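Accompanying notes for the structure given below.
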Amino acid sequence: MTDELPRTDAAADSVGDTQFAAGEPLLRIEGVAKRFGTFRAVDGVSLDIKSGEFFALLGPSGCGKTTLLRMLAGFEAPDQGRILLGGKDIAQALPHERPINMMFQNYALFPHLAVRDNIAFGLKRAGMARADIATRVAEMVALVKLDGLEKRKPDQLSGGQRQRVALARALARRPQLLLLDEPLAALDKKLRESTQGELMELQRRLGMTFIIVTHDQEEAMTMASRIGVMRDGKLAQVASPRELYEAPRSRWIAEFVGDINLFDGESKLRDGHRLVIGTRDAGALVVAEPREPVGAGKFSVAIRPEKVKLSRRGPVREAGHETAINQLDGVIADVCYLGGTTTYKVKLDAGGMLQASVANSARLDVDAYGLNQPVVAWFTPDDCVVLPS
Ligand code: ATP
């Protein structure tokens with residue numbers, strides 16, 4: 001977070017009409033690092049962002065997301081590395097000289113200025129003609145649906161309306177790249193969800209490049225086409241939402257993104273494209289061979305709760321197979337009804353605990369399981385991810 005109020009709208013044109021070759025990324029971050037004293041807030045980040053992308057930086061509090069964004073906007077200087085926009089190093093460009101704008105977590109609106117003057121601020125500062133400013137402000141007001149509220153001051157607006165003013169102000173100078181630091185954090189859940197859709201629609205319509213910082217994984221998954229997960233100043237994985245969720249690269253990412261069952265074990269034997277991993281808490285599990293082949297050693301088997309199916313005790317037939325390959329006996333130890341789904345905790349006979357998330361596809365609870373009911377929990381080898389321990 002930051003307090004540089006007047007600068008937030010200050011994208012200017014000196015680097016503004018950046019030209020770049022087809023295929024070249026709009027933004028290239030090369031080995032960027034930033035220390036505060038001895039603390040490495042950003043620790044050697046490299047990343048390419050394509051023009052028109054909606055990219056999310058996701059990570060726990062303090063992992064360096066905002067610091068990275070501030071370096072892109074020019075509010076912090078990297079200690080190491082380069083930031084190239086359209087192939088041009090922007091290290092020396094001041095924030096208002098970059099065709100990049102940043103929308104701040106706290107919106108940073110001027111409390112004494114009306115909505116239209118907040119939106120016009122950066123345009124005036126850049127010396128745009130009055131008539132053009134009026135046209136642009138009207139355009140922005142219509143774009144973010146603030147019609148009729150132009151004369152109000154920020155304290156006469158709701159949180160959602162303030163968020164729109166901040167967005168209109170950030171977009172007014174048509175930056176090539178818009179950085180959004182937790183733009184929806186102040187909104188309640190319903191408003192957040194509808195605004196997520198509006199932001200995506202706006203980004204598509206304007207054909208702009210957005211980088212959003214969030215610590216809310218659902219938000220990142222909903223909006224972004226690619227997500228960079230940061231941990232301790234480093235990029236731990238950059239992938240599409242689906243890849244991040246279904247093929248996490250490490251235990252840490254698997255646990256950070258969504259809920260997951262993890263069983264530690266050792267690779268026992270290979271059977272064609274399958275591995276058998278002996279686990280302490282769930283017995284032997286048959287898993288599909290990962291894309292990058294694994295040798296002998298210690299592994300964790302990861303299974304998302306919605307991949308786990310439950311059946312009453314007895315042999316389980318899986319489509320295409322005589323019996324399901326991974327069948328674990330257990331009893332229901334906890335039931336949590338969540339409306340659309342029910343989460344069951346199954347105490348496995350092998351000793352561990354397994355979470356299953358079951359869609360409530362019938363209104364009546366004919367398929368529900370009760371506490372202490374014996375069940376079989378089962379899943380396919382393809383539903384398992386093998387991760388280094
Ligand atoms: P959050 O989600 O809580 O906003 P973040 O991932 O955006 O966190 P940053 O704001 O980038 O994290 O901060 C990264 C680390 O650098 C934190 O530990 C923070 O305390 C530290 N830090 C940030 N700015 C400064 C500063 N000006 N001086 C010293 N330390 C700082």
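Observations on the structure shown:
- Considering residues of region 67-76 that are within 12 Å of the ligand (Cβ to nearest atom) and not in a helix (DSSP H, G or I) only, the residue nearest to Met102 (Cα to Cα): Phe75
- Contact map, region 191-213: first residue over 23 Å from Pro99 (Cβ atoms), second residue buried (at least 20 other Cβ atoms within 10 Å of the Cβ) and polar (S, T, N, Q), Cβ cut-off under 8 Å, separation 6 or more or different chains; pairs are Thr195/Gln163.
- Scanning region 225-236 for residues that are within 16 Å of the ligand (Cβ to nearest atom) and either over 22 Å from Phe104 (Cβ atoms) or of a type in the set (A, V, I, L, M, F, W, C) (or both) yields Ile227, Val229, Met230, Arg231, Asp232, Lys234, Leu235, Ala236.
- Those residues of region 329-345 which are under 30 Å from the mean Cα position of the chain (by Cα) and not charged (D, E, K, R), in sequence order: Val335, Cys336, Tyr337, Leu338, Gly339, Gly340, Thr341, Thr342, Thr343, Tyr344
- The set of residues in region 36-66 that are near the ligand (Cβ under 9 Å from one of its atoms), in contact (Cβ under 8 Å) with a residue 40 or more places away in the chain and either surrounded by fewer than 21 Cβ atoms within 10 Å (Cβ to Cβ) or of a type in the set (A, V, I, L, M, F, W, C) (or both) comprises Arg40, Ala41, Val42, Leu57, Pro60, Ser61, Cys63.
- Per the listing Gln196, Gln217, Gln203, the residue uniquely within 16 Å of the ligand (Cβ to nearest atom) and either over 20 Å from Ala41 (Cβ atoms) or buried (at least 16 other Cβ atoms within 10 Å of the Cβ) (or both) is Gln217.
- Flag if Leu269 is assigned to a strand (DSSP E or B), exposed (fewer than 14 other Cβ atoms within 10 Å of the Cβ) and assigned by TED's automatic domain parsing to the domain that holds Trp378: yes
- Pair list, Cβ under 6 Å, 6 or more apart: region 151-173 residue under 19 Å from Ala185 (Cα atoms), other residue aliphatic (A, V, I, L, M) and surrounded by fewer than 17 Cβ atoms within 10 Å (Cβ to Cβ): Gly159/Ala186; Gly160/Leu191
- Residue in region 113-127 that is in contact (Cβ under 8 Å) with a residue 12 or more places away in the chain, farther than 15 Å from Val45 by Cα and exposed (fewer than 15 other Cβ atoms within 10 Å of the Cβ) present: no
- Among the residues making up region 180-212, those that are over 14 Å from the mean Cα position of the chain (by Cα) and hydrophobic (A, V, I, L, M, F, W, C) are Ala186, Leu187, Leu191, Leu199, Leu202, Leu206, Met208.
- The single residue among Leu184, Leu85, Leu94, Leu171 that is among the aliphatic types (A, V, I, L, M), assigned by TED's automatic domain parsing to the domain that holds Ser51, under 28 Å from Leu68 (Cα atoms) and at pLDDT 90 or above turns out to be Leu85.
- Just one of the numbered conditions (1) in contact (Cβ under 8 Å) with a residue 40 or more places away in the chain; (2) surrounded by fewer than 22 Cβ atoms within 10 Å (Cβ to Cβ); (3) on the phi < 0 side of the Ramachandran plot is not true of Met103: (2).
- Between Arg174, Arg152, the distinction of being at positive phi and not in a helix (DSSP H, G or I) belongs to Arg174 only.
- Taking the conditions (1) exposed (fewer than 14 other Cβ atoms within 10 Å of the Cβ); (2) within 12 Å of the ligand (Cβ to nearest atom) in turn, Gly87 satisfies each one other than (2).
- Annotation for region 308-328: at least one member residue is within 30 Å of the chain's Cα centre (by Cα), under 22 Å from Gln373 (Cα atoms) and modelled with pLDDT of 95 or more.
- Residue check for Ala33: within 15 Å of the ligand (Cβ to nearest atom), at pLDDT below 95 and farther than 20 Å from Glu219 by Cα: no
- Scanning region 49-79 for residues that are touching a Leu at 6+ places or on another chain (Cβ under 7 Å) and closer than 16 Å to Phe210 by Cβ returns Ile49, Lys50, Ser51, Leu57, Lys65, Leu68, Leu69, Leu72, Ala73.
- One residue stands out among those in region 135-149 that are part of a loop (DSSP other than H, G, I, E, B) and surrounded by fewer than 14 Cβ atoms within 10 Å (Cβ to Cβ): the one that is farthest from the chain's Cα centre (by Cα), which is Gly148.
- Residues that are within 19 Å of Gly148 (Cα to Cα) and in a loop (DSSP other than H, G, I, E, B) within region 111-133 comprise Pro111, His112, Leu113, Ala114, listed in sequence order.
- Residue match in region 51-71 (condition: farther than 30 Å from Ala254 by Cβ, at pLDDT below 95 and of a type in the set (D, E, K, R)): no
- Just one of the numbered conditions (1) surrounded by fewer than 16 Cβ atoms within 10 Å (Cβ to Cβ); (2) within 16 Å of the ligand (Cβ to nearest atom) is not true of Ser240: (2).
The values are calculated or read from the model by the stated rules, or taken from the named source; none is laboratory data. Just so we're clear, the structure is a prediction, and the values are computed from it rather than from any experiment. With ideal geometry, Cβ positions are generated from the backbone for all residues, glycine too; neighbour counts draw on all protein chains shown.
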